[in-house]
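The structure appears below as structure tokens.
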Amino acid sequence: MRERLLAAEKVKAIEWEGGQLRLLDQRKLPLEELWHTCDSAAAVATAIREMVVRGAPAIGISAAYGLVMGLRARLAEGEDWRAALEVDFELLAGARPTAVNLSWALNQMRERLDRLKPGEDPLIAAEAQAASIHASDREANLTMAQFGVDLIRKHQGNSQNILTHCNTGALATGGFGTALGVIRAAHLEGLVECVYVDETRPWLQGSRLTAWELAGEGVPVMLNADSAAAHLMKTRGITWVIVGADRITANGDVANKIGTYQLAVLAMHHGVRFMVVASSSTIDMELESGDDIPIEERAGRELLEVNGHRFAADVEAFNPVFDVTPADLIDAIVTEKGIVERPNAAKLAALMSRKRLH
Ligand code: MRU
């Protein structure tokens, strides 16, 4: 499986080159494939906020590289670099609130800098740490893809109609994707009849990014309006809803792209299985339940305009971009540490006590 996924890899969205971060600009896809270069922590924070890069793991990885560039600048200033670097930590951590991967990656960077040996070069250590966060996300994707396929096989036969939401693929991670990694692997194993892709209003991660990634790999894909989900489940033989996550709390509640919660409710009603795929860096054991997750609200203009052109009536728009799916609507959470079926606090605690595989 690993080799076949590696051979099928087509899209990379994050590159660290010559001490700069290059990001495939996700605001422009699929019409234009433009690379956006960041040369400072502030530039990375802006790129995250403005969704040049998006997806929970991808923003964590980008923030880690952003911190490296912040550190380089602080060392060059020659002041107390540890104190000065706090400004960069804060700027990067505040770029988006919901995905815990951002603060997880920054904590990894902080811990590495706290462990410097006497005489060790902080910049070399930080760069290696960011590269390791990037590489381990890729590895986690490969492991989850295998686990997810095993789970599909365990429950059903060979012909899956899968519904997915948002973009959880190569664009959203350091490698192959979380939910989309499982879907790609299932396709390589001949298990997929069709992948139905929610367009994912208002930012259109589904129609612009997921449909592009899947079509580029020859996966049978059908785009649908978000509001078609109930009808699809009733009439198109959907067997699984497979989605990613931005934060999973200690009791197994899952924050993900707005619209995920209603899919889980619909899946329960129609007897469709619901799988969440996310690496353990998305699990926040410090928050008891999904009620504690900060939900990002973005500008109303994302709903009121298309490509800068106003089309809506002259009203205000409410634009929360994530929602929380309660654990009791979830059949399985697939991580690189293993699978938790029917998640609850005890099962999540047992999972998190296992060592990270990568
Ligand atoms: O606002 P976005 O596009 O960053 O939201 C992304 C999602 O909600 C994804 O489903 C989630 O980050 C999982 S990505 C592997």
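The values are calculated or read from the model by the stated rules, or taken from the named source; none is laboratory data. Computed from a predicted structure; not experimentally measured. A quick note on method: Cβ atoms are made from the backbone with ideal geometry, for glycine too, and the neighbour counts reach across all protein chains shown. SASA here: full protein model, heavy atoms, side chains in, ligands and nucleic acids out. Shrake-Rupley method; radii C 1.70, N 1.55, O 1.52, S 1.80 Å.
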Working only within segment 145-162, note down all residues that are among the hydrophobic types (A, V, I, L, M, F, W, C) and open to solvent by less than 50 Å² (accessible area, probe 1.4 Å).
A145, V149, L151, I152, I162
State whether one or more residues within segment 210-225 are open to solvent by 10 Å² or more (accessible area, probe 1.4 Å), part of a loop (DSSP other than H, G, I, E, B), modelled with pLDDT of 95 or more and within 27 Å of G308 (Cα to Cα).
yes
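Does segment 186-209 hold any residues that are small (G, A, S) and open to solvent by less than 20 Å² (accessible area, probe 1.4 Å), and which are they? Before the answer, list the steps.
If we filter segment 186-209 for residues that are small (G, A, S), which is where we start, we get 186, 190, 206-207.
Passing the criteria: A186, G206.
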Can you name the residue in segment 294-311 that is open to solvent by 80 Å² or more (accessible area, probe 1.4 Å) and within 16 Å of the ligand (Cβ to nearest atom) and is also nearest to W104 (Cα to Cα) among such residues?
E297
Set D323, D291, D314, D328: member being at pLDDT 95 or above, outside any loop (DSSP other than H, G, I, E, B) and surrounded by fewer than 12 Cβ atoms within 10 Å (Cβ to Cβ)
D291
Just to check your reading of the model, which residue among T239, T249, T173 is within 16 Å of the ligand (Cβ to nearest atom), over 22 Å from L142 (Cα atoms) and of a type in the set (V, I, T)?
T249
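Select, from G55, G60, the only residue that is within 20 Å of the chain's Cα centre (by Cα), within 16 Å of the ligand (Cβ to nearest atom) and at positive phi. Before you say what the answer is, go through the steps one by one.
Details: G60 fails: at positive phi.
Being within 20 Å of the chain's Cα centre (by Cα), within 16 Å of the ligand (Cβ to nearest atom) and at positive phi holds for just one of G55, G60, which is G55.
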Given (1) within 16 Å of the ligand (Cβ to nearest atom); (2) of a type outside the set (F, W, Y); (3) free of Cβ contacts under 8 Å to residues at least 12 places away in the same chain; (4) part of a helix (DSSP H, G or I), identify the lone condition not met by E90.
(1)
How many residues, within segment 213-235, are out of contact with any Leu (no Cβ under 8 Å at 6 or more places or on another chain), more than 15 Å from H270 (Cβ to Cβ) and aliphatic (A, V, I, L, M)?
5
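Picking from L91, L34, L85, which residue would you name as being open to solvent by less than 60 Å² (accessible area, probe 1.4 Å) and among the hydrophobic types (A, V, I, L, M, F, W, C)?
Numbers: L91 fails: open to solvent by less than 60 Å² (accessible area, probe 1.4 Å); L34 fails: open to solvent by less than 60 Å² (accessible area, probe 1.4 Å).
Being open to solvent by less than 60 Å² (accessible area, probe 1.4 Å) and among the hydrophobic types (A, V, I, L, M, F, W, C) holds for just one of L91, L34, L85, which is L85.
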Considering only residues that are assigned to a loop (DSSP other than H, G, I, E, B), of a type outside the set (K, R) and at negative phi, which ones fall in segment 194-209?
E199, P202, W203
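Do we find a residue being assigned to a loop (DSSP other than H, G, I, E, B), within 16 Å of the ligand (Cβ to nearest atom) and not assigned by TED's automatic domain parsing to the domain that holds A8 anywhere in segment 177-193? Give the steps one after another, and end with the answer.
If we filter segment 177-193 for residues that are assigned to a loop (DSSP other than H, G, I, E, B), which is where we start, we get 177-178, 189-191.
Filter once more, keeping what is within 16 Å of the ligand (Cβ to nearest atom): 177-178.
From the residues that got through so far, the ones that are not assigned by TED's automatic domain parsing to the domain that holds A8 too are 177-178.
Yes, some residue in segment 177-193 is assigned to a loop (DSSP other than H, G, I, E, B), within 16 Å of the ligand (Cβ to nearest atom) and not assigned by TED's automatic domain parsing to the domain that holds A8.
Does segment 236-268 hold any residues that are of a type in the set (A, V, I, L, M) and farther than 13 Å from T282 by Cβ, and which are they?
Going residue by residue through segment 236-268, those that are of a type in the set (A, V, I, L, M) are 238, 241-243, 245, 248, 250, 254-255, 258, 263-268.
Passing the criteria: I238, V241, I242, I258, L263, A264, V265, L266, A267, M268.
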Scope segment 108-127; condition open to solvent by 60 Å² or more (accessible area, probe 1.4 Å) and in a helix (DSSP H, G or I); matching residues
R110, E111, D114, I124, E127
Complete set of residues in segment 241-279 that are more than 21 Å from P320 (Cα to Cα), open to solvent by less than 10 Å² (accessible area, probe 1.4 Å) and part of a helix (DSSP H, G or I)
A267
